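S.K.: This is the structure, below, for whatever I ask next.
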Amino acid sequence: MSERLRIVLISPKGPLYRRRGGIFKQSLRYMPLTLPTLAALIPDELNAEVVCVDEGIADVDLDLDADLIGMTVITGTAVRAYELARHFRQRGITVVLGGPHVTLVPDDAQPNADSIVVGYAEEEWPRLLRDFAEGDLRPRYTQSPTLDLAGFPLPDRNVLPRSRYLTADVFEATRGCTHNCSFCVVPSAWGRKPLQKPVEEVVADIRRRRARRAIFVDLNLIADKQYAVQLFEALIPLKIHWYGLATTLLCQDLPLLDLVARSGCRGLLMGFESLSRSNLGDNQKPFNNPDNFRQIVERLHEREISLQGCFVFGLDDDTPDVFLETARFAVEAGIDLPRFAIVTPFPGTSLYERLESEDRILTKNWELYDGQHVVFQPSGMSVEQLQQGNEMAWKYAYSWGGIARRLRKTPASWSLALLTNMGYRYYAHRLHKFYTCDWTFDRPAPPPIDWAAPIEPDVNAIQGVGPVSMSTASEQDG
Ligand code: B12
Ligand code: SF4
């Protein structure tokens, strides 16, 4: 080990997000908070040298020097993370894995790392690093159930190149959600007790950055209404515009919705998921009422809040007519940016367990668990119908006619709405190119990653395109 501890933090990407370019020169994604958060948590006394690599915008140097590499893993990037881990471990570098996938299925990650962190890392990551520096690294560190998010250092956004992102004004106030939707990773990974940063720390972070526009990555900002009220009231004096995620329940609570509007909210992402009550009920999301969906759009628009409305296809009540029906609804209701995904049973979720018990999981190649591939046997249609129907919905919603009809209703500025719609249109018409790869689940094994392969145009260009889109990238959020 060198005198200074050399730590490299990597956010690996599935092939989908390794492609760059697209219609915009700059990656129009916002800066993710994971690496800045982990970097800030590194104890000062270790005097560590820290390098962060977000593979969505930069290549990983396979010859890099480090004492320890930490990688954040979501299911869609697990294959890549494990491959990188193998490479670096063969070179004698200690590899630590953490993040949503590791938390959901720790035993899947464990063999691929020298150590893993299960759960949130505010306490365990510094502990792990101190142990490592003392030559006493343990194989697994697990978040304490009593973790409290107060008093930790604010994320260090200087560890990533600001110029490569649309914005670095990305914030987090809460973690977790009180609901229990069967397809969602949140209750399975982190339980149903939401954690919150003290409101004054969130405000201090926004002030420190002098942010005029803020993106909140919180999965459900209104999970705890009491906290939400305190947060939104504290945002009013900042006079910012902000974008975030909430459940549809927000629109049933008009005083809270009015407060959200007064606090500067200009865009929300909501998971509508399905127009079928049976789908919603069967998947523990009965509080979403399709009869209210149009009213939700109207209530948001009346308050100048744009909506990214997300739907999933392939739940058990879906039949081949679901795609056009849903896309038509999205256009007619005036959803500013509709998004469609194929339902993904992430390992560790109750949906995954049910489908596995019914012998309907078709592949455990995690790279295909990206919301774009069919990885299970649907009940009301064939795999191909589901795959193609999703594309059809995107193309319908982002046809010129579809865009024009939705633009007429948007509260966002015309130029911004057009820009975001153009980004999504580009994506909608090239979905097959953005699929993680040109192989599918029924082929035996993924081809090995070609490290020297040229970088191709990319979906980053539409991930988080413009402030109307919060781009949480998960259609299942909120
Ligand atoms: C920003 C974001 C993105 C960004 C960047 C992703 C990234 N890896 O950072 C982009 C736009 C690229 C993206 C893409 C996708 N995303 Co995304 N994304 C998010 C989002 C909104 C915020 C992440 C964040 O900054 N969190 C704040 C930080 C501080 O929390 P954290 O990442 O959990 O990290 C903490 C712990 O987990 C732990 N930890 C995490 N990593 C590590 C690593 C080490 C070494 C250690 C010690 C600890 C540790 O420590 C941190 C502090 O406690 C989350 C939702 C959320 N709010 O977390 C979804 C989320 C991560 N995405 C998700 C999904 C599903 C996707 C997509 C598949 C969606 C899609 N259909 O396109 C794609 C992935 C495609 C692919 N194959 O690459 C899921 C992951 C589920 C899963 N099982 O994989 C999440 C959880 C949302 C959800 N509710 O489902 N996403
Ligand atoms: S889908 Fe949304 S509402 Fe349901 S548990 Fe996940 S974050 Fe909460």
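Just so it is clear, none of the values below were taken in a lab; they were calculated from the coordinates. Please read all numbers here as calculations on a predicted model, not as lab measurements. Positions of Cβ are generated from backbone atoms using ideal geometry, with glycine treated the same way; all protein chains shown enter the neighbour counts.
S.K.: Applying the Karplus parametrisation 6.51 cos²θ - 1.76 cosθ + 1.60 with θ = phi - 60° to the phi angles of the range 233-242, what ³J(HN,Hα) value in whole Hz is obtained for each residue in order, glycine and proline being reported as x?
M.R.: For the range 233-242, the Karplus curve yields 5, 6, 7, 3, x, 6, 6, 9, 9, 9 Hz.
S.K.: Using a Debye calculation, one point per C-alpha and no hydration shell, please list log10 I(q)/I(0) for the range 141-204 at q = 0.26 Å⁻¹ in order.
M.R.: -1.10
S.K.: Here's something else I'd like to know. Share of Cα-Cα pairs in the range 261-404 beyond 24 Å, in percent? Present the calculation step by step, with values, prior to reporting the outcome.
M.R.: Numbers: 3408 of 10296 pairs.
Counting every Cα pair in the range 261-404, those more than 24 Å apart make up 33 percent.
S.K.: For the range 253-262, in order, what is each residue's ³J(HN,Hα) by Karplus, 6.51 cos²θ - 1.76 cosθ + 1.60 with θ = phi - 60°, in whole Hz (x at glycine and Pro)?
M.R.: Karplus values, whole Hz, x for Gly and Pro: 10, 4, x, 5, 4, 4, 5, 4, 5, 5.
S.K.: Kindly put THR146, THR410, THR178 in sequence by how many other C-beta atoms sit within 10 Å of each C-beta, fewest to most. Write out the running numbers ahead of the final one.
M.R.: On the way: THR146 6, THR410 22, THR178 16.
So the residues, fewest neighbours to most, are THR146, THR178, THR410.
S.K.: Looking at the chain, which longest stretch skips every one of the GluC sites (Glu not before Pro) that is in a DSSP loop with at most 16 other Cβ atoms within 10 Å, leaving the sites themselves out? Before the final figure, lay out the partial values.
M.R.: On the way: sites that count: GLU3, GLU134, GLU304, GLU358.
The answer is 135-303.
S.K.: Work from the charge dipole of the range 169-461 (Cβ charges, +1 for Lys and Arg, -1 for Asp and Glu, about the Cα centre) and give the residue of GLY191, ASN180, LEU300 farthest towards its positive end.
M.R.: LEU300
S.K.: Return the long-range amide H neighbours of PHE311 (sequence gap of 5 or more, or a different chain), with a cut-off of under 5 Å between placed amide H atoms.
M.R.: Result for PHE311 returns GLU273, ARG339, PHE340, ALA341.
S.K.: Cross-link partners among aspartates and glutamates for LYS197, C-alpha distance below 19 Å, same-chain residues fewer than 8 apart left out?
M.R.: Within the straight-line limit of under 19 Å, LYS197 reaches these aspartates and glutamates: GLU122, GLU123, GLU124, ASP148, ASP156, ASP169, GLU172, ASP205, ASP218, ASP224, GLU233.
S.K.: Taking θ as phi - 60°, what are the ³J(HN,Hα) couplings along the range 405-416 by the Karplus curve (6.51, -1.76, 1.60), each to the nearest whole Hz, with x for Gly and Pro?
M.R.: Karplus-based 3J(HN,Hα) across the range 405-416 equals 5, 6, 4, 4, 9, 6, x, 6, 5, 4, 5, 5 Hz.
S.K.: State the Kirkwood hydrodynamic radius of the chain in Å, one decimal place, computed from all pairs of distinct Cα atoms. Don't jump to the answer; show the numbers that get you there.
M.R.: Numbers: mean 1/r = 0.0440 Å⁻¹.
Hydrodynamic radius (Kirkwood, Cα pairs) of the chain is 22.7 Å.
S.K.: Averaged over every viewing direction, what's the projected area of the C-alpha convex hull for the range 6-142? Give it in nm², one decimal, please.
M.R.: On the way: hull surface 32.1 nm².
Hull-based average projected area comes out at 8.0 nm².
S.K.: How are the alpha carbon pair distances in the range 263-309 distributed across 5 Å bins from zero to the largest one, expressed in percent?
M.R.: 5, 22, 27, 20, 14, 9, 3, 0
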